[in-house]
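This report refers to the structure that appears directly beneath it.
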Amino acid sequence: MKAMFLWWSLAILLLILIFASALELEMLDYKSEHFTCSKGLSNCTVKAGAVVLIPKCPVDDMGLKVQPVLCCRQGTACRPCLHIHLDIQLRNHQTASYVNVCYNVPELEIDICKILEFTVILAALDGQATSKQAWLSLLLKDNAVSFNSQVTVYVCSNHSKVVLPSVDEVCSSAAQGVVEECDGHSLRRMLTCSVPSFSTLIDQESHEVRLQVNTADDSPYPLEMCLQHEDNGVCRTCKESTVPLHSVTPCMCFQVWWNKGDERSHRSISCPFRNHSELLQRNVWENVSVSVVQGQMNNGGAMLSWNLTAPCRVEAEVWPCQKEKGLDMDRCTELVAFRQRLSDDIWRENSRGHWLMPGVFEDVVLGLDLCVMVKVNGKNSELGPFCPIDSSWWHWRWSLLVLLSLMLAVLAAICLYFLHGKLKRWAWEWYQEECGRLANRGHIVLLSPPNVDGSVSELVCELGSSLCAQGFSVSVDLWSRAELCSLGALPWLHSQLQHLDSQGVRAILVLTQAAWERTEDWVRQWDQQGQQGKNIVQGVEKEEGGEEVEGEDKGLLQGLYSPYADVFSAALSCIKADHKLGCAGERFLLVHFEAHSAKPPSSERGLPELFQGLPMFHLPSQSQGLLAELAMGPTGPEAGIGGHRV
């Protein structure tokens, strides 16, 4: 009996020693990602790579080994990392090659890949003419690789899953003095040994599951909880203590802990719905989805790739099928020899907390209406068919959207065309009302030059708007074409100038090369008329005084006015008449836009005689002088300030 007891004691002691030695991780000195190759390989480098759905493998892999180790700096400040060892077999006449190494950490929710590049030295591979064996070694350090995390490494067709030991396990070994997380570990264990206890209750009436924490577990720290799917899923923080019943699945687990400001606080973990699998399995089946995409392989063959997503990892079979046309569109005939059974090793968790299984059917026949069917263990009926998105439907949808946009644009253009006149009249009435509201500084008549071009007309309109904004009542011949057509040039101008006694009207003429030449022609024709021109002036004076020109003189006046039947020619007649009376400078002044030359190149003389004695302002440099002249009025003591008499 004593011998038996001694034997069992030795066996237990041996198991403890074996277990303790298993927890002691190998410590390696680490400065950067270290990639080494076997004899016969050179130029071994590592760089970041991209995730490829179906990666090419230019070498034949013979074995993959992944081992967690401690990466240290001079024996201290150790952190967890992975030592990846890959045995490969080179192909014939291969001189340069690479291997794509990818790894997945559930906390990252994405895959990370590294490309191991190397050059083959054929002469260094002794006596191996057709089969050349070598090995690659990578020391991988990533902040996402931490204690108690699960890492899956993929290389070509091989994959290896490694679970790193927890902080408690590492700190209880000989590594306690060199691992940063082990500082104060014993004290934290004393302070964090208590965990809250909780239970779950399925409420069929409210269709929800309630988490009930034991009130006897009193703690000064706030309570935290998180929810995860499967034991190794990412636990996502949840604020509510209830979960809708339709989202509860058999693989759902909860973690509850007291938040003491330490990520390694001890947690209470429970997966309470595994005994209710039959009741909640329907929630898994109803949330199984498959996305399907048709593509092309590197050799030119057709393939059908798919991604199956479910709240829990399921045992299932998938196969491609050809969808029937006509009335029986739900029928999908299986393609023989393509059925696949889902493996339990390559499930990956997505950002929503669901599990994803990728796959592909290679060398399928092009031109068929292919879909994917799924048969989940435990469910009597099949799921599907799941088909690729019809690109023609999207094309038709976008075409319809573009067509509707064009129709709306054409309709808006037609409405604007018919409403253009009304909008213009409304805008003019509003502008007149605004100018009338601000018209407390006198009335101004702005006259554009003859043969006005687009750039000059814009400057004239801009000047009129600026004067109106300064509080003047402004009339511009370019804005009054309707009145000009109905009244005529001279009557319209006289109707604008007749407010002189009441508002102090000033008339502004814009001087350009065309205005200069028209004025010279007008003066030359005036000189040729002789005494008849004097009768014209007398007729203008009488018309301004309110008397009507009668008989023979009226006919002569109308006949002589035909060359000047526009506003500018009418203004020249008024200036000539005011010159005779000695008051031309009181009503008329000139402005010249500096962006346009006023004097014609062919003119050798100075300013036309008709304009001499009128105030003249160069814009925009003398804008303030023009405003002062208009504000003071022609009889003020500073008439002509900022400009000059010509």
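The values are calculated or read from the model by the stated rules, or taken from the named source; none is laboratory data. These numbers were taken from a predicted model, which means no experiment stands behind them. Every residue, glycine among them, receives a Cβ derived from its backbone with ideal geometry; neighbour counts consider all protein chains shown. Ligands, DNA and RNA are excluded from the accessible area calculation, which covers all protein heavy atoms including side chains. Shrake-Rupley method; radii C 1.70, N 1.55, O 1.52, S 1.80 Å.
Tabulated data for the structure shown
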{"quantity": "Average accessible surface area per residue within segment 258-362, 1.4 Å rolling probe, Å²", "calculated": "58"}
{"quantity": "Cα gyration tensor shape of segment 233-275, rounded if a/c is under 1.5, else prolate or oblate by comparing a/b with b/c", "calculated": "prolate"}
{"quantity": "Contour excess over end-to-end distance, with Cα ends at Ser457 and Met632 and 0.36 nm allotted per residue", "calculated": "60.3 nm"}
{"quantity": "Per DSSP, loop trypsin sites (Lys or Arg not before Pro) in segment 266-336 with at most 12 further Cβ within 10 Å", "calculated": "Lys325"}
{"quantity": "Cα gyration tensor category, rounded, prolate or oblate, for segment 200-333 with a/c compared to 1.5", "calculated": "prolate"}
{"quantity": "Full-extension gain in nm, Asp60 to Glu362, via 0.36 nm per residue minus C-alpha separation", "calculated": "106.7 nm"}
{"quantity": "Contour excess over end-to-end distance, with Cα ends at Thr333 and Asn377 and 0.36 nm allotted per residue", "calculated": "13.8 nm"}
{"quantity": "Selection of GluC sites (Glu not before Pro), segment 238-300, meeting DSSP coil and at most 11 other Cβ within 10 Å", "calculated": "Glu240, Glu263"}
